[in-house]
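Everything below concerns the one structure shown next.
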Amino acid sequence: MPEVIPTTMRALVLPAPGKFEIQTVPVPQPGDYEVLCKVRAVAICGSDPEILRGDLAGTWPSQYPFTPGHEWAGEVVALGRGVMDLQVGDRVAGQAHKGCGVCKNCLEGRYTICENYGRPESGHRHYGFITPGAYAQYIAISIKSVNKTPDTMTWREGALVDTAGVVMHGLELSGVTPGGTVAVIGPGPIGLIAMRLARALGAARVIAIGRGARLQASRQAGADVLIDFEKTEPVKAIRDATGGIGVDEAIECSGAAGTFRQAVEMVRKGGRVALVGVPPNSVIEPLPFKYIVHNEIAIFGSRANPNASRKVIALIAAKQLRVDDLVTHTFPLEQFADALDTFVNRRGGAIKVVVEPNQ
């Protein structure tokens, strides 16, 4: 029998900047070309604490009250008008972006940099940032922002599809040299997945740059060489590890001050840099302009995960990309404050923290 959908649900609500609480709110109704999904797992993203603190108020979100959350998996429980390729009961993984569909960038498949960003009347959506998100028992979402997952994929694995897709997009922009060497700066969730994906895409050697427990976790993620930046200068260490040549690609996953320049200086002549980590606005990086020109260093900014979800779903399902071991802690929605504290302060060696609204 079809599931009886309640009229109200529990959701994380931001009533004002810097405040959050669990409230009972109406279950949203799916519009045209939307589905209503029961959220089974939603992972805390590095951008969520900024939103919760109110650091980006007026932009993310543009108004209050608001429900954030965008790294999620769940099941379809109701269909809006015009939905054809999804059915009630389908398992899906969500992604944050839906472009307007008509601007030049959207038509080229680059909908994460939609020219109508922030204009809902154009059809643009950014779930969990300016459009209500997934820290709730149900979410109404465009069919363009969900992808089917197989029954063999767990909800927690599905919640990491968004994260893995961000990495996939960055690596597709920069490329991965078959048989080459990749350096990954920042062994957080993004960086650890980058190490595994780089290997899956053909890298013969992976070098991790970081510190502490997460650097040690890089070994499990497939890193051949670990460089502790608190003990040695990263660029010199990379040059020493590559016979002075440098790596083929450097994937910056931390967004920390100074790492952009390090990434540029650790790649070989003709090397490529992918910027996957998101720095705060205060980070303004001085770069060796002439060095970049004379060595033909290619630099790629990377935003989110356009057209990447189906690829990583296939890799996870085929056991070619492991993500389940990155989920170190889980909490029910009612314990969101504890979940957030665990994530922000890395309690208990936290890497990825998942909230389960319908536990």
Count of residues meeting criterion [assigned to a strand (DSSP E or B) and either at pLDDT below 95 or in contact with a Gly (Cβ under 7 Å, 6 or more places away or on another chain) (or both)] in the stretch 103-135: 1
All positions within the stretch 229-266 that are surrounded by fewer than 16 Cβ atoms within 10 Å (Cβ to Cβ), among the acidic types (Asp, Glu) and farther than 22 Å from residue 283 by Cβ: 240
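Would you say residue 187 is under 23 Å from residue 70 (Cβ atoms), outside the structural domain of residue 92 (by TED's automatic domain parsing) and either over 19 Å from the mean Cα position of the chain (by Cα) or assigned to a loop (DSSP other than H, G, I, E, B) (or both)? So that I can check it myself, show each step before the final result.
Numbers: under 23 Å from residue 70 (Cβ atoms): yes; outside the structural domain of residue 92 (by TED's automatic domain parsing): yes; either over 19 Å from the mean Cα position of the chain (by Cα) or assigned to a loop (DSSP other than H, G, I, E, B) (or both): yes.
When the stated conditions are applied, residue 187 passes them.
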So residue 89, is it in contact with a strand residue (DSSP E or B) (Cβ under 8 Å, 6 or more places away or on another chain) and either closer than 28 Å to residue 323 by Cβ or aliphatic (A, V, I, L, M) (or both): yes
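Going by the structure shown, is residue 290 over 16 Å from residue 196 (Cβ atoms), surrounded by fewer than 19 Cβ atoms within 10 Å (Cβ to Cβ) and of a type in the set (D, E, K, R)?
Details: over 16 Å from residue 196 (Cβ atoms): yes; surrounded by fewer than 19 Cβ atoms within 10 Å (Cβ to Cβ): yes; of a type in the set (D, E, K, R): yes.
So residue 290 fits the description; yes.
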Tabulated pairs, the stretch 275-302, first over 20 Å from residue 253 (Cβ atoms) and of a type in the set (Lys, Arg), second outside any helix (DSSP H, G or I) and at pLDDT below 95, C-beta under 7 angstrom, 6+ apart or interchain: none
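For the stretch 327-347, does any single residue satisfy the condition of being hydroxyl-bearing (Ser, Thr, Tyr), under 18 Å from residue 203 (Cβ atoms) and in contact with a strand residue (DSSP E or B) (Cβ under 8 Å, 6 or more places away or on another chain)? Quick ask: steps written out before the conclusion?
Just the residues of the stretch 327-347 that are hydroxyl-bearing (Ser, Thr, Tyr), to begin with: 328, 330, 342.
Among the residues that remain, those that are also under 18 Å from residue 203 (Cβ atoms) are: none.
Scanning the stretch 327-347, I find no residue that is hydroxyl-bearing (Ser, Thr, Tyr), under 18 Å from residue 203 (Cβ atoms) and in contact with a strand residue (DSSP E or B) (Cβ under 8 Å, 6 or more places away or on another chain), so the answer is no.
Within the stretch 132-142, is even one residue within 24 Å of residue 155 (Cβ to Cβ), among the β-branched types (Val, Ile, Thr) and without any contact (Cβ under 8 Å) to a residue 60 or more places away in the chain?
The first filter runs over the stretch 132-142 and keeps only residues within 24 Å of residue 155 (Cβ to Cβ), leaving 132-142.
Among the residues that remain, those that are also among the β-branched types (Val, Ile, Thr) are: 139, 141.
Remaining after also requiring without any contact (Cβ under 8 Å) to a residue 60 or more places away in the chain: none.
So far as the stretch 132-142 goes, no, none of its residues is within 24 Å of residue 155 (Cβ to Cβ), among the β-branched types (Val, Ile, Thr) and without any contact (Cβ under 8 Å) to a residue 60 or more places away in the chain.
Kindly check whether there is at least one residue in the stretch 102-109 that is β-branched (Val, Ile, Thr), more than 20 Å from residue 355 (Cα to Cα) and surrounded by fewer than 22 Cβ atoms within 10 Å (Cβ to Cβ). Please lay out each step first, then the result.
The first filter runs over the stretch 102-109 and keeps only residues β-branched (Val, Ile, Thr), leaving 102.
Keeping just the survivors that are more than 20 Å from residue 355 (Cα to Cα) gives 102.
Then drop every residue that is not surrounded by fewer than 22 Cβ atoms within 10 Å (Cβ to Cβ), which leaves 102.
Yes: one or more hits.
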Restricting the stretch 23-61 to residues that are among the small types (Gly, Ala, Ser) and more than 17 Å from the chain's Cα centre (by Cα), the residue that is farthest from residue 130 (Cα to Cα): 31
Residue identified as in the same structural domain as residue 338 (by TED's automatic domain parsing) and at pLDDT below 95 among 86, 56: 56
Residue count, the stretch 274-303 (criterion: more than 14 Å from residue 259 (Cα to Cα), among the hydrophobic types (A, V, I, L, M, F, W, C) and part of a loop (DSSP other than H, G, I, E, B)): 1
Strands (runs of 3 or more DSSP E) lying entirely in the stretch 1-102 (those with 3 or more residues that are hydrophobic (A, V, I, L, M, F, W, C) and in contact (Cβ under 8 Å) with a residue 40 or more places away in the chain): 8-16, 19-26, 34-43, 71-79
Residue 216, sole failed condition from (1) of a type in the set (S, T, N, Q); (2) in a loop (DSSP other than H, G, I, E, B); (3) free of Cβ contacts under 8 Å to residues at least 40 places away in the same chain: (2)
Extreme residue, surrounded by the most Cβ atoms within 10 Å (Cβ to Cβ), among residues of the stretch 116-168 that are closer than 20 Å to residue 57 by Cβ and among the aromatic types (Phe, Trp, Tyr): 135
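Let's see how each residue does on (1) in a helix (DSSP H, G or I); (2) of a type in the set (D, E, K, R):
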{"residue": "144", "(1), (2)": "yes, yes"}
{"residue": "150", "(1), (2)": "no, no"}
{"residue": "162", "(1), (2)": "yes, yes"}
{"residue": "168", "(1), (2)": "yes, no"}
Check on residue 64, surrounded by 17 or more Cβ atoms within 10 Å (Cβ to Cβ) and hydroxyl-bearing (Ser, Thr, Tyr): no
Counted residues, the stretch 310-344 - those being in a strand (DSSP E or B), under 18 Å from residue 166 (Cβ atoms) and of a type outside the set (A, V, I, L, M): 0
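Taking the stretch 242-254 only, how many residues are in contact (Cβ under 8 Å) with a residue 40 or more places away in the chain and either farther than 14 Å from residue 170 by Cα or not assigned by TED's automatic domain parsing to the domain that holds residue 226 (or both)? Steps first, please.
Within the stretch 242-254, the first condition is being in contact (Cβ under 8 Å) with a residue 40 or more places away in the chain, and the residues that meet it are 242, 247-254.
Right, trim to either farther than 14 Å from residue 170 by Cα or not assigned by TED's automatic domain parsing to the domain that holds residue 226 (or both) and you get 242, 247-248.
The qualifying residues number 3.
The values are calculated or read from the model by the stated rules, or taken from the named source; none is laboratory data. What you see is a predicted model; the values in this text were computed from it and never measured. Glycine gets a Cβ as well: all are built from the backbone with ideal geometry, and neighbour counts include every protein chain shown.
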